[in-house]
Structures are given as structure tokens and as C-alpha cells.
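Engineer: Sharing a structure here in C-alpha cells format.
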Amino acid sequence: MIEKVTQFVEKWGMLHKEDKIVTGVSGGADSICLLFVLLELQKKIGFEIIVVHVNHLLRGEASENDEKYVKEVCEKYKLTYEIYRENVEEIAKEKKESLEEAGRNVRRKAFEETLKKYNGTKIAVAHHRNDNAETLLMNLARGSGLTGLGGMRPVKENRIRPLLCLERKEIEQYLEEKHISYCTDQTNLSDDYTRNRIRHHVIQNLEQGVNKKTVAHFSEAMERIWELQDYIEGEVKNLYELVVLKKENKIFLLKEEYEKVPEVFRGLVIKKAIAAITKHEKDIHAIHIEEVRKLMENQVGREISLPYNVCALRCYEGVCFRFINEKEREKEEKKVELDLWKSNHKRVGEWTIHCEIQNIKEIEIDGIETPYTKCFDYDIMKNTIAIRTRREGDYLIINETGSRQKLKSYFINEKIPKEERDHIFLLAEGSHILWIFGYRRGCAYQIGKNTKHILKITIDKGERENGRKD
């Protein structure tokens, strides 16, 4: 097994003599295996190891035992280590995050702090092939592009995954053969977490009912996708240089050159342009890329909002990406994207918004809708849902046949004063307005006989106004 990991590490250029590797060790089988593999590789290569253990304070005595065990291992092998004790449950409540998300963020912060403290070069994490198979299935279920189909890469920025060539059974076999003990986290046996449900029910059923080598075949497919991703990335980089003009703090996507780009690469070039100005790839979704595509075909002067306080303006050259100025930002701050994977409580302006996904079998639909509570068919929603104020191009679906009405026309017909229109909050899916708070909802995503899950949204302004339409 060590030889297999050695070849994988060499192939991806993960470890070098001068490296200082910050490695996360929970005490479980995967991270303990990673630590002992690194100790073996250290003998050949000569890098430094710094261990990080994060005690989430979630499992009482079991958490304390994990921490104690990691300390003992580090002291036995004379390793530098850092212990972080974080009340993840309290952090999750405070930040309105799931325990999974809060724990992940706490660990990421601990790794980065330790990296900085010791002038580390890389962070090693213990993901293996089974983890990557689970990631692939989650990405597919939630909607994924080519990047998501590749799951986790062996090397991404300063993060390395030396065990990504191994399956869980190989890790357990190695520990057993070497008589290395490890801690067992009982929460891994629970179906409370999405990843656990995929592990226990989806992958297990595929291995038992379709092919026992499911994980290996998933991994091989992802490796081929990595090769394809690298090729495409090179092509996109070359095309990007041809179609983009950088000027001061702006990036111009030149229409004449853009139209020469093969259709299959256009979205990737747009994404690269957005990422170049925002310095982020996270939160740049398919809907943003599609809106830029449409903007390129629109008239000069049209503008759309993008993540990270960036807007795209249709100009004579093509599309100009720029940061929103202070006055525009004040308006843009009245927007919040809703993470529909968990219950949300959000404050937007004077409104408090509560949104959640519910199984239709577990609730009584009749009488649930009021002027301040609306329900939508969640199963057929495809894009990010946001709460924001109006922007150019907004429209409503006004009847069951799908007829559209411009939001501007609705405001005019309802005789809503111009000075009020910029301050009315909207539930939006891209440019499609699902609900105008305090006025009416559109006719899209109505609850029907095939609905299995509903998105229920309740708004509260403190004291509710009377006399308005719903």
C-alpha cells in the first residue's frame, strides 16, 4: 500500500523535501492512516509534519478520548501538534449553519491558522476513493458541471490528498496489518448526514446490486475527467487571452472575438472572466454565466448583478465586468441568496425571512398560505433563489399558461409610486420574480399532485400591514 501511495504522490508532485505539511488528524481510521503514511514517506523524502486536531466538543467523553489519543501519538513520534477546541454546536446556531458546515469551516480555519503560524507549505487531508465517490454522487444529485464530475482533485492550491488512490477497505487493512489503533466516530454510523446516507444506502446498494467495484470504477472515471479538465483548462486559458481586455479595474469580454469562440467553451470563458475580477470561483453558478450570455446579445446599456459586488454591463466593446460603486453597493446589499439545503432565518432590510423545505406528506397544505406565507413546488426548482430589490429584466408569470409580465409594467399597473419601487423586496430566481413581498406572488411553481417537497417562505416585518394584495 505504501508503494501505491508513493507512486500517486510522485505522479501529482505532492511532497518535497522543503515542505512543511499541516495534516488534520481526528483520530479516526482515515486520518491516522494518513499520519502513518506521511511518517513512512518522511523517511524517504524528508519533509516536516505538523499535526492539527480539532475537538468539536460534540460527543462528550468520546471527543475527549479522541483528543487524548492524538496527543499520545504525536508525543510518541515527537511531532509538533496543535489542538483546537471549538464548540461547533454553538457556532452552528450562531451562524445558522448545519453541524456539517460549521465543523468544516472550523477545521478549515484551524488548518489555515496553523499553516500561517508555522510557515507551512501544504495542508494534507485524508480523503480517499470512497469519499470521492460520495462527493461525485452528491454533485450529480445537486446539479453539476464538468468540475463537479471530477469530484475532489489530488492537488488543489495548497491542499493535497495522498490517500485519494486508496479505498476505505485498503486503509482498514493497512491499519490492521500494522496493528495501529484508531478511534471510531459513532456519528459516522448515523443517517443524519447526507454523506452518510449516500454511503450506507446508495453506494452500498450499487456495490451489492450492480458491481462490487463501483467505487473503483467511479474513481477511474474521475481520473479520466481530471485529464479532460486539464486539457479544457489549457484551451480556455488560450481562448481567454484572445477575447479579454484588461483595463484599470475592469475586464472587457470583446463581443467580436467572443463570437469566434466555439460554443462549448463560451460559458467557461465567461466564468474565467468573472473569477478573474472577483478573485473567487465559489458562488459563480450556471445562472450567472447564462445571464452574461444573454447580456452579450442584449442592447448596450443593460446591466446585471453578479456575486462579490461585481456587475456586468453591456457596452459597445461587448461586456464590461466591474465592481459596483458605493452608491450601487448600498442597493446591492439588500440581497441575500437562500441556501435551500437547510432551514434559514434571514434579516433583509425591515423583513425577517424564514424559509425551509418540507415533505408534503408531513404538513397540512390547506390554509397554510397567507399574505405572509407562500409555498412553492421545490422539486422543480433548478436555480439559486434570492431575496433582493428589482433590477432590469425582471418579470412575473401571471397565469397558469406561463404568460409573462414585466415587473416594471406590474408596478405601473398597480400605481406603485416610483420612489417606492426600489425598496420593495422580491423573491427571485434569476430574473424570474416568484413573489413581490406585500403585494402578490407569481403563478410559477404552484403546488400540484406530483409535488413531493415544498419550499415554504414566511416573511415578517414586525407589524404586518393590512390592505395589500397577496
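The values are calculated or read from the model by the stated rules, or taken from the named source; none is laboratory data. Just so you know, these numbers come straight off a predicted model, no measurement behind them. Using ideal geometry, Cβ is built from the backbone for each residue, glycine included, and neighbour counts are taken over all protein chains shown. Areas reflect the complete protein model, heavy atoms only, side chains present, ligands, DNA and RNA absent. Shrake-Rupley method; radii C 1.70, N 1.55, O 1.52, S 1.80 Å.
Engineer: Among LEU455, ASN205, HIS280, which residue has its Cα positioned farthest towards the positive end of the charge dipole of the chain, with +1 placed on the Cβ of Lys and Arg, -1 on the Cβ of Asp and Glu, and the dipole taken about the Cα centre?
Structural biologist: About the Cα centre, the residue reaching furthest to the positive side is HIS280.
Engineer: Which of GLN299, ALA62, SER26 sits closest to the plus end of the dipole of the chain, meaning its Cα is farthest towards the positive end, when Lys and Arg get +1 and Asp and Glu get -1 on the C-beta?
Structural biologist: The residue sitting most towards the positive pole is GLN299.
Engineer: Starting from the Cα-Cα distance between SER144 and ASP230, subtract it from 0.36 nm times their residue separation and give me the gain in nm to one decimal.
Structural biologist: Fully extending the segment from SER144 to ASP230 adds 29.2 nm.
Engineer: Additional query: Angle check, please: helix 214-243 long axis (alpha carbons) against the longest principal axis of the chain (alpha carbons), in degrees 0 to 90, nearest 10.
Structural biologist: Computed tilt is about 60 degrees.
Engineer: Given +1 on the Cβ of Lys and Arg, -1 on the Cβ of Asp and Glu, and no further charges, what dipole in debye does the range 233-328 carry about its Cα centre, rounded to the nearest 20?
Structural biologist: Working: 17 positive and 17 negative charges, 35 e Å.
For the range 233-328, the charge dipole is close to 160 debye.
Engineer: Same structure, new question: For labels at SER409 and ILE180 in the simple 7 Å Cα→Cβ model, what's the distance in nm?
Structural biologist: 6.7 nm
Engineer: Roughly how many percent of the accessible protein surface of the chain is carbon and sulfur, given a 1.4 Å probe and a whole-percent answer?
Structural biologist: The nonpolar share, carbon plus sulfur, comes to 47 percent.
Engineer: Treat every Asp and Glu Cβ in the chain as -1 and every Lys and Arg Cβ as +1, leave all other atoms uncharged, and give the resulting dipole magnitude about the Cα centre to the nearest 20 debye.
Structural biologist: 1020 debye
Engineer: Give me the extension gain from ALA216 to GLU75: residue separation times 0.36 nm, minus the current Cα-Cα distance, reported in nm with one decimal.
Structural biologist: So the chain would gain 47.2 nm between ALA216 and GLU75.
Engineer: On to the next question. Looking at the chain only, what percent of DSSP beta bridges run antiparallel? Nearest 5 please.
Structural biologist: Given both bridge residues lie in the chain, the antiparallel proportion sits at roughly 75 percent.
Engineer: If you project the alpha carbons of the range 172-316 onto their three principal axes, what span does each projection cover, largest first, in Å?
Structural biologist: Taking the Cα atoms of the range 172-316, the three principal extents are 67, 31, 30 Å.
Engineer: Please list log₁₀ I(q)/I(0) at q = 0.10, 0.11, 0.19 Å⁻¹ for the range 69-211, using the Debye equation with identical point scatterers on the alpha-carbon positions.
Structural biologist: -0.45, -0.55, -1.65
Engineer: Between GLU420 and GLU290, what is the label-to-label distance in nm when each label sits 7 Å out along the Cα-to-Cβ direction?
Structural biologist: Here the answer is 3.3 nm between the modelled labels.
Engineer: Just to confirm, what accessible area per residue do you get for the range 1-122 at 1.4 Å probe, in whole Å²?
Structural biologist: 52 Å²
Engineer: Mind checking the angle between helix 129-142 and the chain's longest principal axis? C-alpha axes, 0 to 90 degrees, to the nearest 10.
Structural biologist: Helix 129-142 sits at roughly 10 degrees to that axis.
Engineer: What's the angle, to the nearest 10 degrees (0 to 90), between helix 263-278's Cα axis and the longest principal axis of the chain?
Structural biologist: 80 degrees
Engineer: Test of understanding: what is the full-extension gain from GLU3 to LEU242, defined as 0.36 nm times their sequence separation minus their Cα-Cα distance?
Structural biologist: Working it through step by step, the gained length comes to 81.6 nm.
Engineer: When the helix-only estimate is applied to the chain (DSSP H runs of n ≥ 4, each -39,500 (n - 2.57), divided by the residue count), what is the mean residue ellipticity at 222 nm, nearest 500 deg cm²/dmol?
Structural biologist: About -12000 deg cm²/dmol.
Engineer: Please give the Cα centre distance for the range 1-56 versus the range 353-419, rounded to the nearest Å.
Structural biologist: 51 Å
Engineer: Can I ask one more? SER409 accessible area, nearest 10 Å², 1.4 Å probe?
Structural biologist: Here the accessible area works out near 40 Å².
Engineer: About the Cα centre of the range 120-244, what is the dipole size in debye to 20, counting +1 per Lys and Arg Cβ and -1 per Asp and Glu Cβ, all else neutral?
Structural biologist: Values: 17 positive and 19 negative charges, 25 e Å.
With only Lys, Arg, Asp and Glu charged at Cβ, the dipole is about 120 debye.
Engineer: Mind sorting out which of [x] 0.97; [y] 1.02; [z] 1.00 is the real Rg/Rh (Cα atoms, Kirkwood Rh) computed from the coordinates?
Structural biologist: The calculated read-out lines up with [z].
Engineer: Pull up all non-local amide H partners of ASN55: gap of 5 or more, or a different chain, and H-to-H distance under 5 Å with H placed in the peptide plane.
Structural biologist: The answer is TYR84, ARG85, GLU86.
Engineer: How big is the C-alpha Rg of the range 52-140 next to the rule-of-thumb value 2.2 N^0.38 Å, as a ratio?
Structural biologist: 1.22
Engineer: Filter the GluC sites (Glu not before Pro) in the range 202-266 to those in DSSP coil with at most 10 other Cβ atoms within 10 Å of their Cβ, and list the result.
Structural biologist: GLU248
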